[in-house]
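The next block holds one structure in the form of structure tokens; read it before the comments.
The values are calculated or read from the model by the stated rules, or taken from the named source; none is laboratory data. If you're wondering where the values come from, they're calculated on a predicted model, not measured in any experiment. Note that each Cβ is placed from the backbone with ideal geometry, even for glycine, and that neighbours are counted across all protein chains shown. These area figures cover heavy atoms from the full protein model, side chains too; ligands, DNA and RNA do not enter into them. Shrake-Rupley method; radii C 1.70, N 1.55, O 1.52, S 1.80 Å.
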Amino acid sequence: LALTESDERPVSKLRPKKPNIASVDDSILKVTQMLSSKRSDAALIMGRDGGLAGIMTDVDITRRVVAQRLDASSAIVEMVMTPNPTCVTMSDSAMSALSIMVDNHFRHLPVLNDLGAIVGLLDIAKCLNDAISKLERSQDKSSNAAELALKEMANLQGADGSQAEALQSLLGPLMNKAFGGNTSATLAS
């Protein structure tokens with residue numbers, strides 16, 4: 001059961017959220033207050049030239065501000081952001097976006113339109129929800145749908161497949177239970 005062109009949902013169908021935008025010269029405090037007020041966990045950071053310079057997430061704040069005891073009111077975002085983030089376009093496949101996130105340990109990807117302008121921010125939760133929905137739909141087509149979908153994801157992963165194996169070990173028990181397997185959770189001793 002290989003994916004056909006019609007099975008590939010584009011990123012646009014996941015409805016990426018409107019990005020929170022900040023400048024490289026903004027204080028970390030200003031950006032974290034914006035994120036807090038909008039109940040968000042990431043901001044896209046624009047450079048002095050107006051282009052995308054980076055992304056600042058809650059993980060950057062935890063590791064590079066709080067853990068390093070930086071003064072958030074005087075330090076600027078440029079000091080702690082992740083520079084030059086990987087981006088996807090609205091027409092890229094949702095599965096490709098998920099693969100990029102899993103392979104690179106990202107939880108967010110900036111989304112560009114076909115002209116290269118920033119139009120959204122994609123969260124890994126939306127990608128995972130889409131992948132799970134795809135698995136549920138494919139279950140009607142084949143009793144081996146979950147296994148086949150994981151193999152398809154493994155094909156997108158590249159040569160070594162280590163991420164696919166990790167994904168299989170994480171999602172395998174869940175999918176067996178969801179799709180009729182008799183696997184039950186136990187507590188580790």
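What to note about this one:
- Shape class for the stretch 1-131: prolate, because the ratio a/c of the largest to smallest gyration tensor axis (alpha-carbon atoms, square roots of eigenvalues) is 1.5 or more and a/b beats b/c.
- Share of carbon and sulfur in the accessible heavy-atom surface of the stretch 42-111 [1.4 Å probe, %]: 51
- Rolling a 1.4 Å probe across the protein heavy atoms gives the stretch 19-126 an accessible surface of 50 Å² per residue.
- Charge dipole of the stretch 1-141 (Cα centre as origin; +1 on each Lys and Arg Cβ, -1 on each Asp and Glu Cβ, all else neutral): 420 debye, rounded to the nearest 20.
- Site pair K13 and L115 shows an inter-label distance of 2.6 nm when each label is modelled 7 Å from Cα along Cα→Cβ.
- Here the simple spin-label model places points 7 Å from the Cα toward Cβ, and for D58 and S133 these points are separated by 2.3 nm.
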